[in-house]
């Protein structure tokens, strides 16, 4: 934790765009509430599935952005002796993202 005071939050790959990330997640949260409303209103199955697909795509975009930031900040920017472990950790996260359904 070099260069960090006790009150300073760590720098993450998404720190510079945190406000944008939170706004995007709030929009996705709204999409999910919309899907709940569609189910409540007995909407057509295909319409609900279409909205689920859109929400998944939006989450995938968030995930890819986080992975990009992680690769640049936490992997490439890591101390040389930590880079292999950070790369393995990132690849495991990618594997989990790909194992849907």
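No lab work stands behind these numbers, since they all come straight from the coordinates. Quick caveat: nothing in here was measured; it's all calculated off a predicted structure. Cβ coordinates were reconstructed from backbone atoms using ideal geometry, including for glycine residues, and neighbour counts include every protein chain displayed.
What number of residues within region 68-99 satisfy the criterion of being under 30 Å from residue 53 (Cβ atoms) and without any contact (Cβ under 8 Å) to a residue 24 or more places away in the chain?
8
Across region 10-54, what is the total count of residues that are more than 21 Å from residue 70 (Cα to Cα) and either touching a strand residue (DSSP E or B) at 6+ places or on another chain (Cβ under 9 Å) or not in a helix (DSSP H, G or I) (or both)?
Going through region 10-54 one residue at a time, the tally reaches 4.
Looking at region 48-87, which of the residues that are over 17 Å from the mean Cα position of the chain (by Cα) and loosely packed, with under 11 Cβ neighbours inside 10 Å is nearest to residue 19 (Cα to Cα)?
Filtering first and then ranking leaves 79.
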